[in-house]
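Participant: Structure below; questions to follow.
The values are calculated or read from the model by the stated rules, or taken from the named source; none is laboratory data. Being a predicted model, the structure only gives us computed values, none of them experimental. Note: ideal-geometry Cβ built from the backbone for every residue, glycine included; neighbour counts use all protein chains shown. Ligands, DNA and RNA are stripped out before the accessible areas are found, and what is left, the full protein with its side chains, is counted by its heavy atoms. Shrake-Rupley method; radii C 1.70, N 1.55, O 1.52, S 1.80 Å.
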Amino acid sequence: MSADAVRRSFTIGITGASGAIYATRTMAALLERGHHLEVIVSDYGRRLLRDELGDRATVDKLFDYLASVYGEGVRRGTYTIHSNKDLGAKVASGSQDCEGMVVVPCSMKSLAGIANGLSRNLVERAADVMLKERRTLIVVPRETPMSLPQLRNMVLCAEAGAMMLPAMPAFYQMPKTLDDLADFMAGKILSALRVPHQLYPSWQG
Ligand SMILES: Cc1cc2nc3c(=O)[nH]c(=O)nc-3n(C[C@H](O)[C@H](O)[C@H](O)COP(=O)(O)O)c2cc1C
């Protein structure tokens, strides 16, 4: 364990919207702080990891990929990968101990499923569990432009208690690389989970 003394448990849902790097940076940041992750990757999330990060980033090799890109410190944490089809997995129940969930990146399809409580797969069910248990649910949607139904689905999620945290990195921290942009988004997610971090410099006014 490093910075944070207590091992906390979070669910990460990775779906098929552009921005795989936001998911891997968020996972690495939580793992290197010693936390436990329950990870669910949709079919198009799996494709996205490969398409955007290459063959080294397939789900079965994800821990090694994270260690090679972000350093061996990620091994301070632990994670379990769940099938998105397994609606009997631990995270499908409110009795599980995950205190929060992030869907990063969140496709418009998964957004619609979460907004309407469809629970068609484990990502949607685990998100629904967070809402019904009044725990932290962070949704990181990525699409542009957005249709009216997509905008309405974001409102539905927000009304149900989710935090909408769009994949909109800022530029006031003078990013030089894609990693700087990913650090910013991962930092926003860690802040929302109340996990201390220094992923980007705080605004000094
Ligand atoms: C490389 C790639 C990038 C995509 N980017 C987006 C995106 O940014 N936003 C989105 O809503 N859908 C995007 N899609 C389409 C979704 O993956 C598709 O709607 C899929 O059915 C989503 O399913 P899921 O939510 O179960 O992962 C993308 C698909 C591919 C293959």
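Participant: For a quick check of your reading of the model, give me the residue pairs whose first member lies in the stretch 8-20 and is assigned to a loop (DSSP other than H, G, I, E, B), whose second is of a type in the set (K, R) and within 13 Å of the ligand (Cβ to nearest atom), with beta-carbon atoms closer than 6 Å and at least 6 apart or on different chains.
Facilitator: Final answer for the pair search is A17/R142; S18/R142; G19/R142.
Participant: Assuming K109 fulfils every condition listed in (1) more than 14 Å from the chain's Cα centre (by Cα); (2) assigned to a loop (DSSP other than H, G, I, E, B) apart from one, which condition is it?
Facilitator: Here K109 meets the rest and fails (2).
Participant: Given the condition closer than 20 Å to G187 by Cα, outside any helix (DSSP H, G or I) and away from the ligand (no atom under 13 Å from the Cβ), answer yes or no: does some residue in the stretch 117-132 qualify?
Facilitator: Checked against the condition, which is being closer than 20 Å to G187 by Cα, outside any helix (DSSP H, G or I) and away from the ligand (no atom under 13 Å from the Cβ), the stretch 117-132 yields no hits at all.
Participant: Looking at L181, L156, which is the one that is open to solvent by less than 50 Å² (accessible area, probe 1.4 Å) and assigned to a helix (DSSP H, G or I)?
Facilitator: L181
Participant: Among what's in the stretch 133-150 and is without any contact (Cβ under 8 Å) to a residue 40 or more places away in the chain and closer than 20 Å to T26 by Cβ, pick the residue that is nearest to the ligand (Cβ to nearest atom).
Facilitator: The qualifying residue nearest to the ligand (Cβ to nearest atom) is V139.
Participant: So, in the stretch 88-116, of the ones that are away from the ligand (no atom under 15 Å from the Cβ) and closer than 22 Å to G16 by Cα, which residue ends up surrounded by the most Cβ atoms within 10 Å (Cβ to Cβ)?
Facilitator: V91
Participant: Related question: I need the full set of residues from the stretch 11-38 which are among the hydrophobic types (A, V, I, L, M, F, W, C) and within 14 Å of the ligand (Cβ to nearest atom), in order please.
Facilitator: Passing the criteria: I12, I14, A17, A20, I21, A23.
Participant: Which residue out of R135, R142 is open to solvent by 20 Å² or more (accessible area, probe 1.4 Å), touching a strand residue (DSSP E or B) at 6+ places or on another chain (Cβ under 7 Å) and more than 28 Å from R7 (Cβ to Cβ)?
Facilitator: Within the list R135, R142, the selection yields R142.
Participant: What number goes with the only condition from (1) touching a strand residue (DSSP E or B) at 6+ places or on another chain (Cβ under 8 Å); (2) open to solvent by 30 Å² or more (accessible area, probe 1.4 Å); (3) within 20 Å of A28 (Cβ to Cβ) that H197 does not pass?
Facilitator: (1)
Participant: Based on what the data block shows, is V39 at pLDDT 95 or above and within 26 Å of R120 (Cα to Cα)?
Facilitator: Yes, satisfied.
Participant: Just wondering, is there one or more residues in the stretch 101-111 that are at negative phi and free of Cβ contacts under 8 Å to residues at least 60 places away in the same chain?
Facilitator: Yes, the stretch 101-111 has at least one match.
Participant: Quick check on my filter: what residues within the stretch 28-47 are open to solvent by 20 Å² or more (accessible area, probe 1.4 Å) and out of contact with any His (no Cβ under 8 Å at 6 or more places or on another chain)?
Facilitator: Result: E32, H36, D43, Y44, R46, R47.
Participant: While we're on this one: Whether any residue in the stretch 60-75 is at pLDDT below 95 and open to solvent by 100 Å² or more (accessible area, probe 1.4 Å) is what I want to check.
Facilitator: yes
Participant: Another question, then. Say we look at the stretch 57-87 and pick out the residues that are within 16 Å of the ligand (Cβ to nearest atom) and of a type in the set (V, I, T); which of these is farthest from K132 (Cα to Cα)?
Facilitator: If we take residues in the stretch 57-87 being within 16 Å of the ligand (Cβ to nearest atom) and of a type in the set (V, I, T), then T58 is farthest from K132 (Cα to Cα).
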